[in-house]
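See structure below.
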Amino acid sequence: MSPLLSDLLHVESVGAVAVVTYTGDVLAGDEFQAAGEQLLDLLLETDGYELHLDLAAVTRATAGGLGRLVALRREVQAMGGHLVLCGVRPAVAELLRLTRLTDVLDIR
């Protein structure tokens, strides 16, 4: 069982990669703000982690949630890490494409 960072985050370390599962169904700014801060705390405990954020549970995202993803990417890079989004559902992937965030975010 993976450790629980919050009600919305579960983390599992695989070598130099932290796989974090976001369990909320909506990626919203306020809700994701607190989760993002916990992710940054996780990175502070490591040195240059690659952070894989599993968004498989997310069915929709708000503008605030998307903005927080971009901010999180910037903050992770400033700490020497790398943010990868994985498990992105088709509807959310389409939203990321329409907003051209696929040019900025690493989505696998």
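The values are calculated or read from the model by the stated rules, or taken from the named source; none is laboratory data. These numbers were taken from a predicted model, which means no experiment stands behind them. Cβ sites come from the backbone with ideal geometry, for glycine too, and all protein chains shown count toward neighbours.
When Ala61, Ala56, Ala71, Ala78 are screened for being in contact with a strand residue (DSSP E or B) (Cβ under 7 Å, 6 or more places away or on another chain) and of a type outside the set (Phe, Trp, Tyr), only Ala61 passes.
The set of residues in region 1-18 being at pLDDT 85 or above and acidic (Asp, Glu) consists of Glu12 alone. Restricting region 19-33 to residues that are modelled with pLDDT of 85 or more and hydrophobic (A, V, I, L, M, F, W, C), the residue that is nearest to the chain's Cα centre (by Cα) is Val20.
Conditions (1) aromatic (Phe, Trp, Tyr); (2) over 12 Å from the mean Cα position of the chain (by Cα); (3) surrounded by 14 or more Cβ atoms within 10 Å (Cβ to Cβ), marked per residue:
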position: Ala35; (1), (2), (3): no, no, yes
position: Asp41; (1), (2), (3): no, yes, no
position: Tyr49; (1), (2), (3): yes, yes, yes
position: Arg73; (1), (2), (3): no, no, yes
position: Arg97; (1), (2), (3): no, yes, no
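Per the listing Leu96, Leu69, Leu101, the residue uniquely aliphatic (A, V, I, L, M) and closer than 21 Å to Asp7 by Cβ is Leu69. For region 30-58, the candidate set comprises residues that are assigned to a loop (DSSP other than H, G, I, E, B) and in contact with a helix residue (DSSP H, G or I) (Cβ under 7 Å, 6 or more places away or on another chain); within that set, the residue that is nearest to Leu9 (Cα to Cα) is Leu55.
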